[in-house]
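Presented below is the structure to which this report refers.
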Amino acid sequence: MIEIYNTLSKQKEKFRPVHEGEVRMYVCGPTVYNLIHIGNARPMIFFDTVRRYFEYRGYKVNFVSNFTDVDDKIIKAANEEGVDASVISERYIEECRKDMASLNVRPATTHPQATREIQGMIDMIQTLIDKGFAYVAEDGTVYYRTRKFAYYGKLSHKDIDNLRSGGRSLLVTGEEQKEDPLDFVLWKPKKEGEPYWESPWCQGRPGWHIECSVMSKHYLGDTLDIHGGGEDLVFPHHENEIAQSEAANGVPFANYWMHNAFLNIDGSKMSKSLGNFFTVRDILERYDGQVLRYFMLSVHYRSPLNFSAELMESAKTAYERIVNCAANLDFLMGKAKNAEISDAEKALLEEADGFRVQFEKAMDDDFNTADAIAAVFEFVKWINTNAGDDSSSGFVKDLKDRLTALTSVMGLVIERKEEDSDLASYVEAKIEERQAARKAKDFAKADAIRDELKEKGIILEDTRDGVKWKRA
Ligand code: AMP
Ligand code: ZN
C-alpha cells in the first residue's frame, strides 16, 4: 500500500483515493515568461514519476498541471518586447513543452491556462462574495476575508495571530483599503498597458491564487486526491487555495498535500530572481535529458538537492551503466543458442523478483526514488553476473522486461538512441575483428583496433564474460 507524507498532517498516511482505482492530482506549473530552469524541472520530473508509479500500480490517473499565463512578469516581458502578453506566454509554453519532452515528462492529462478560465474565476469569486468570504473595495479590487476562514494556517501550520505581527510577506504596502492586512487579492483593477477582462467589479485581472482553485475544480472536482508543488508554494499560495476552495465548495479541497524540497546551488534555492540558475536548455547542451532526470530522482523528493558538476557526472556514469546492461542483454538475446528457460534459470528468475519487491517497497514508502534506484542498481549488478553467453534467450528477455518495467516507472529510457545503435553495431564488428586478430596471435592488429576505438571515445574491457565496451 502506498504511503504519502502529507504536509497537512506532517506525517505519512496510507493513500486512499476518493474514487476507487482513480487518482486525481493537481500540480502547480510554471509562470511562463522565460525558459524554465532546472529548479522548475524538479517538481515536473518528480510528479511525473508519481503519476507513472500510480499507473504501474493499476490506478487511472487524471493529472492536471497549469501554466500561469497572466502575471506581472509576463506583462513586463511583453512590454519590453512591445508585444501582447499572450505572445510571450504562448512562446514559453511551447518551449516548456519541448523541455518536458527532453526530460521524458509526459504531458499532463490537461494543461489549463489561466487566461482561458476567467469566467470560472469570476464565478468562484462571486460565490465567495455571496458567502461573505470576500468583499469589494472602492476601486473594484476584490479581497479574500482571511479571518473569516477558521482553518487558515492549517497547511503551513502557522497561527493566524502570529502572521499578523510577523508575516511580513502579507503586509503589502499601499493596500489601506483592506479590512485586515492578512486579506489577499482575488481580482484587481487593470493598470495602463495591462491585459484585462470585464467583471462585475471592474475591468481587471485575477489574482494568482484563484486560478488553481478554479482550474483544479473544473477538471478534477471539488475534492482532489493529491495537490503538489514545490515547498515554496505551501505559504501563502496553497494556504490561500485551501481558503478559497473550501469556503466556496464547502468540502475538503485536497486529501494529500505533497511538496518537493528545493534544488539548490551553492546552498541557496535556484531561482530566476536570484539569477543563480541554469535553464534546462543549458543542461541539455551538455547532457542527455535522461541524465538530468536520473540526477533528480537519485535523492528523495523531500530532501534538498544541491546541483553540482560532480553529481551530474556521477549521474551520467550511473545512468550509462543501466543503459549498457540493457544493451548487453539485447546482445546476449541475439546470440543465445537456446530459447527455452532452463530450470536453473527459473530459480534465478525467482531470485530476480526480489529486486522488484525491493523497488516497490521503496516507492510505496512515500515515493523513495533514491532507494528505488538503488534497487535497480543492485538488479543491474545481479544481471551482469547472472546473464551470460550460455543464457537462454527466454531468460535474457525476461530480465530485460523486468529491468524495463522498473526503469519506465522512473521515466528512464534505457534503449540506446538510434545514433548509438549504429555505433553499437560498428563497435561490435570491431570487437569481433579484434578477437579474430588475437586468435591469429596478431597482437599488433588487436592493439591497433583497441586504440582506434579509444580515439573514438570507446573503452574496451576484457572480462570473463567476453569483451564489454563503454564510452569514455
Ligand atoms: P514558478 O514558475 O516559480 O511558479 O515555479 C513552478 C514550480 O517550480 C513550482 O512548483 C515551484 O515550487 C517549483 N520550483 C521553483 N524553483 C524551484 C527550486 N529551486 N527547487 C525546486 N522547485 C522549484
Ligand atoms: Zn497553484
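Every read-out reported here was derived from the displayed coordinates using simple, explicitly stated rules and does not represent laboratory data. In this text the structure is predicted, and so the values were computed from the model without any measurement. Cβ coordinates were reconstructed from backbone atoms using ideal geometry, including for glycine residues, and neighbour counts include every protein chain displayed.
Data table
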{"read-out": "Label point distance in nm, residue 109-residue 356, each placed 7 Å from Cα along Cα→Cβ", "value": "2.7 nm"}
{"read-out": "P(r) histogram, all alpha-carbon pairs of the stretch 1-104 included - 10 Å bins from 0, percent", "value": "13, 36, 27, 18, 6, 0"}
{"read-out": "Sequence-distant residues sharing a close amide H with residue 60 (under 5 Å, placed H)", "value": "22, 23"}
{"read-out": "Per residue Cα convex hull volume in Å³ - calculated over the stretch 181-290", "value": "194 Å³"}
{"read-out": "Whichever aspartates and glutamates have a C-alpha closer than 13 Å to that of residue 445, once near sequence neighbours (fewer than 8 apart) are set aside", "value": "432, 433"}
{"read-out": "Solution diffusion estimate, µm²/s, Stokes-Einstein, the stretch 278-320, Kirkwood Rh from C-alpha pairs, 37 °C, viscosity 0.692 mPa s", "value": "310 µm²/s"}
{"read-out": "Over the stretch 216-259: Rg over Rh, Cα atoms, Kirkwood Rh", "value": "0.94"}
{"read-out": "Residue 432-residue 81 pseudo-label distance in nm [points 7 Å out on the Cα-to-Cβ vector]", "value": "5.3 nm"}
{"read-out": "Dipole of the chain, positive end: most advanced residue of 108, 8, 407 [Cβ charges, Cα centre]", "value": "407"}
{"read-out": "Reachable lysines from residue 10, criterion Cα separation under 28 angstrom, eight or more residues apart if same chain", "value": "60, 148, 154, 158, 217, 269, 361"}
{"read-out": "Shape box of the stretch 336-472 [Cα atoms, principal axes, largest first, Å]", "value": "55, 34, 23"}
{"read-out": "Spherically averaged projected area in nm², based on the convex hull that wraps the Cα atoms of the stretch 240-338", "value": "11.5 nm²"}
{"read-out": "Rounded to whole Hz, the Karplus (6.51, -1.76, 1.60) HN-Hα couplings of the stretch 253-263, x for glycine and proline", "value": "7, 9, 7, 10, 10, 10, 10, 7, 6, 7, 8"}
{"read-out": "Residues of type aspartates and glutamates that residue 430 reaches as a straight line, Cα spacing below 16 Å, ignoring anything fewer than 8 places off in the same chain", "value": "420, 422, 442, 447, 451, 452, 455, 461, 462"}
{"read-out": "Karplus 3J(HN,Hα) series, Hz, for the stretch 207-214 with 6.51 cos²θ - 1.76 cosθ + 1.60 (x for Gly, Pro)", "value": "x, 6, 5, 5, 4, 6, 4, 6"}
{"read-out": "Ratio of the Cα radius of gyration of the chain to 2.2 N^0.38 Å, where N counts its residues", "value": "1.18"}
{"read-out": "Fully extended contour minus Cα-Cα distance, from residue 284 to residue 448, at 0.36 nm per residue", "value": "55.6 nm"}
{"read-out": "Sites residue 308 and residue 94 - FRET efficiency at Förster radius 30 Å, r taken between beta-carbons, to 0.05", "value": "0.50"}
{"read-out": "Table column - 3J(HN,Hα) (Hz), the stretch 379-388, Karplus curve with 6.51, -1.76, 1.60, x for Gly and Pro", "value": "5, 4, 4, 4, 4, 4, 8, 9, 10, x"}
{"read-out": "The chain - charge dipole about Cα centre, Lys and Arg +1 at Cβ, Asp and Glu -1, debye rounded to 20", "value": "580 debye"}
{"read-out": "Pairwise Cα inverse-distance average, inverted: Kirkwood Rh of the stretch 272-394 (Å)", "value": "16.7 Å"}
{"read-out": "Under 5 Å, built H, 5+ apart or other chain: amide partners of residue 131", "value": "none"}
{"read-out": "Distant-in-sequence amide H partners of residue 230 (H built 1.01 Å from N, under 5 Å)", "value": "260"}
{"read-out": "Dipole moment magnitude, nearest 20 debye, the stretch 275-373 about Cα centre, only Lys, Arg, Asp, Glu C-beta charged", "value": "360 debye"}
{"read-out": "Full-extension gain in nm, residue 127 to residue 160, via 0.36 nm per residue minus C-alpha separation", "value": "9.5 nm"}
{"read-out": "Tilt relative to the chain, helix 343-364 - C-alpha long axis, 0 to 90 degrees, to 10", "value": "20 degrees"}
